[in-house]
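Below: one structure, written as structure tokens.
The values are calculated or read from the model by the stated rules, or taken from the named source; none is laboratory data. Bear in mind that the values here come from a model prediction, so they are computed numbers and not experimental data. Every residue, glycine as well, gets a Cβ built from its backbone with ideal geometry; the counts of neighbours run over all protein chains shown.
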């Protein structure tokens, strides 16, 4: 018998830190209360997000319902092994027209009716697994694995959006400081120009800096609103206010390459389904010979006219397969054929019965060889598919691990570039104030700083995407 072992999915929420400054708290508002139809207005932790997603996400709830459906199918399938109790009623009536007496017809009625209580219990069944049962096993495991895949997809999406918003909030804070600085410089440049000690180009440069920062802030705010809409969909809430903060701390994924491969191989649902298909194909191959077993029916029992009991051993041909069933059947008459209740005093004597029928298949053409060959080919396909999926998964895991390591190294490098560019820009600004470098030279340092900041910002998202890809593959979400 094939039993389902749910994949182990660790779902907790310890996440990658893209930079040292990102780990600080942005707001200490009250954590929003959770519930359906909620409007989130204050600080939202990653744990709150996961609880909301589990409770309200539509696709996740649909996957849970699919699992429940397969569980009810299992209850229906197992019901054949439980006692089957029936009440049997039989009745007959007939009328005979008697001789005409005094020009009137006399109608004589005769009636027969009986009421029996029957109990049937399946004692044991053996033989090949019916195709219907194999499909039920397949559907059950697919729904369970589908739920796990949906859970990973939803929670991974929540993590990505949550920490994207956190990165954007950090960047918005930095750009807000920059635009305030450029506004101050613009005001000073205009004042110096008014007093006759400044130049027009300094005013224009300061104004250009202000406009560039304004454009970056507009782009970030638009991207943040889009992310809030996506998070709202994933959490299944009514609305998320733009003032909501995301204070949860971001941490790195710390697993070795071999650990990632081992976890991914153990938890991957595609490989698990391929393993299931291989086992089902192996079972079909093993059970092919049952189709050519003798067909038989054997029953033996004892009873009176009122009480009977018997054992039945029979084959049940279904979907070109034999199923062997051993049933126990008992019956008790409740009424006599005349409608009166059964009396023990007039119970007939005990009688014994036995019945046997056999059918031996002798020659059925080349059907046996064809079906065995077909089952063997199906098993070979399933086995090779499992091997191919296992090797492909290992390749994807190792590639994702290397990509994650590369992204983190590149993030560190981009962070160092920002620090250097900022120091060079500060030196250039001092030189420019002393008129030791031209305005064009000063602008080039500013452009280098902006470029370094933009590359670091983009690399934060690349590192996060690489992290989420690896986490989804190894099924480690906390």
Subject >> Residue among 398, 355 that is loosely packed, with under 13 Cβ neighbours inside 10 Å, at negative phi and either at pLDDT 95 or above or in contact with a strand residue (DSSP E or B) (Cβ under 7 Å, 6 or more places away or on another chain) (or both) >> reply: 355
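Does residue 446 satisfy the condition of being crowded, with 18+ Cβ neighbours inside 10 Å, at pLDDT below 90 and out of contact with any strand residue (DSSP E or B) (no Cβ under 8 Å at 6 or more places or on another chain)?
Details: crowded, with 18+ Cβ neighbours inside 10 Å: yes; at pLDDT below 90: yes; out of contact with any strand residue (DSSP E or B) (no Cβ under 8 Å at 6 or more places or on another chain): yes.
Criteria met by residue 446.
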Original post:
Of all residues in region 32-66 being more than 13 Å from residue 234 (Cα to Cα) and under 14 Å from the mean Cα position of the chain (by Cα), which is modelled with the lowest pLDDT?
Top reply: 66
Original post:
How many residues does region 444-460 contain that are under 19 Å from residue 162 (Cα atoms) and out of contact with any helix residue (DSSP H, G or I) (no Cβ under 7 Å at 6 or more places or on another chain)?
Top reply: 1
**OP:** Could you list all residues from region 210-220 that are under 37 Å from the mean Cα position of the chain (by Cα) and surrounded by 14 or more Cβ atoms within 10 Å (Cβ to Cβ)?
**Re:** 220
**OP:** Return a yes/no flag: does region 413-424 have any residue that is within 22 Å of residue 253 (Cβ to Cβ), touching a residue at least 24 places away in the same chain (Cβ under 8 Å) and under 46 Å from the mean Cα position of the chain (by Cα).
**Re:** yes
Original post:
Is it true that residue 230 is surrounded by 18 or more Cβ atoms within 10 Å (Cβ to Cβ), modelled with pLDDT of 85 or more, part of a helix (DSSP H, G or I) and touching a helix residue (DSSP H, G or I) at 6+ places or on another chain (Cβ under 9 Å)?
Top reply: no
Original post:
Looking at (1) within 13 Å of residue 165 (Cα to Cα); (2) in contact with a strand residue (DSSP E or B) (Cβ under 6 Å, 6 or more places away or on another chain), which is the one condition that is false for residue 238?
Top reply: (1)
Subject >> Candidates 356, 449, filtered to the one that is outside any helix (DSSP H, G or I) and more than 30 Å from residue 262 (Cβ to Cβ) >> reply: 356
Subject >> Number of the condition not met by residue 301 [criteria: (1) crowded, with 18+ Cβ neighbours inside 10 Å; (2) touching a residue at least 60 places away in the same chain (Cβ under 8 Å); (3) out of contact with any helix residue (DSSP H, G or I) (no Cβ under 7 Å at 6 or more places or on another chain)] >> reply: (2)
Subject >> The listed residue being without any contact (Cβ under 8 Å) to a residue 12 or more places away in the chain, closer than 30 Å to residue 430 by Cα and in a helix (DSSP H, G or I), out of 204, 172, 178, 186 >> reply: 204
Subject >> Total residues in region 49-61, condition without any contact (Cβ under 8 Å) to a residue 60 or more places away in the chain and more than 13 Å from residue 155 (Cβ to Cβ) >> reply: 1
